[in-house]
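Asker: Have a look at this one.
Read-outs: derived from the displayed coordinates by stated rules, not from any lab. Predicted model only: the values in this text are computed from it and were never measured. In this analysis, Cβ positions are derived from the backbone assuming ideal geometry, glycine residues included, and neighbour counts consider all displayed protein chains.
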Amino acid sequence: MNDRWQNVLDGSARWAVVQGDCLDVLRDMPDGCVDAVVTDPPYGHKNNDDGDLIHRRECALGKAKVAEAPRAIANDGVEAHELYRTVMPILRRILKPGCCCCCCAGGGGGDPQLANWSLWMAESFSFKQIVVWDKGPMGMGWHYRRSWEAILVGQKPGAACAWYDETNTVENIIRPGQYGVRKIIPDADEHPTPKPWELARHFIQLHSRPNDVILDSFAGRGWVGEAAIRTGRRYIGVEIDPFWAAKSRERLVDVESVGDLFMPATARARIEPKGVLL
């Protein structure tokens, strides 16, 4: 399995998407090999239940379901919390000192998920910040509808924080449309919980430099990979679902074919090898 991501680490490939359980894949990776983690784990909202709102979205909106892309999300029951707590120390090990883990989290609900996830991140990292992504009205749910999500940022101790903003204007809230970040309402043939690639770009540019290695341990449809390619970074994605791993690869091939339009010339010159399709 090593050659699937080793080509990215040694610079002979720009990206790789590995289909498999992240706990198995990441345990094989060497210490201190990654420059930043940007990832979106399952939140434990039970989006693998045919009765949940994600599965019934079209019905609720009065639309017909037009495709058969899987709406179920692996490990999205109560096991999601144990998975998150288990993967944090592994991510810490493979990050370089001073580098950061930027992990999407929920935006409120009937359980204290955000509080627990923050504490569990702090078990492995120096907890740096909770960044609020204001998605704008109107969110999913009932009563207090979920219109924001959090991104938890932890830093691996041992060096100064990998921080490359020079404006001194970065806040801990991302407002609707800021940095080009806008929420996505997916169609039936899209991933059920998509994130805009511009959200990943924001954190990638703050915490890494061109040619650095970005890891997404829960790759989904490849939103982090798109941001990494567009900004001239290398990328390793791990996705347990074979369907979405394949879709992620397709997306990155498409992005790579036009990626030079979005990368500065200096980044293009430093990264020539193509991606790894596995």
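Asker: Please list, in chain and number order, the residues 5+ apart from Ala188 or on another chain whose amide H is under 5 Å from its amide H, with Hs placed from the backbone.
Answerer: Val66
Asker: Can you work out the Karplus-derived ³J(HN,Hα) for every residue in region 30-40? Use 6.51 cos²θ - 1.76 cosθ + 1.60 with θ = phi - 60°, whole Hz, and x for glycine or proline.
Answerer: Each residue of region 30-40 in turn: x, 4, x, 9, 10, 9, 6, 10, 10, 8, 9 Hz.
Asker: Classify region 158-237 as rounded, prolate or oblate from the Cα gyration tensor: take a ≥ b ≥ c as the square roots of its eigenvalues, call it rounded if a/c is under 1.5, otherwise prolate when a/b beats b/c and oblate if not.
Answerer: Oblate shape, in that a/c is at least 1.5 and b/c is the bigger or equal ratio.
Asker: Roughly how far apart, in whole Å, are the Cα centres of region 161-220 and region 100-127?
Answerer: 17
Asker: Can you list the residues, at least 5 places off or on another chain, whose amide H is less than 5 Å from the amide H of Cys99, using H built in the peptide plane?
Answerer: So Cys99 has HN proximity to Lys156, Ala162.
Asker: Residue by residue through region 233-248, which ³J(HN,Hα) values in whole Hz follow from phi under the Karplus form 6.51 cos²θ - 1.76 cosθ + 1.60 (θ = phi - 60°), with glycine and proline marked x?
Answerer: Listing the rounded values in order: 9, 8, 9, 10, x, 10, 9, 6, 8, x, 4, 6, 4, 5, 5, 4 Hz.
Asker: What is the calculated FRET efficiency for His143 to Glu123, with r their C-beta to C-beta distance and R₀ = 25 Å, to the nearest 0.05?
Answerer: According to the calculation, E is roughly 0.20.
Asker: For region 86-96, in order, what is each residue's ³J(HN,Hα) by Karplus, 6.51 cos²θ - 1.76 cosθ + 1.60 with θ = phi - 60°, in whole Hz (x at glycine and Pro)?
Answerer: 6, 7, 4, x, 5, 5, 4, 5, 8, 7, 6
Asker: Given H placed 1.01 Å from N in the peptide plane, which residues other than close sequence neighbours of Tyr235 have an amide H under 5 Å from its amide H?
Answerer: The answer is Trp15, Ala16, Ile214.
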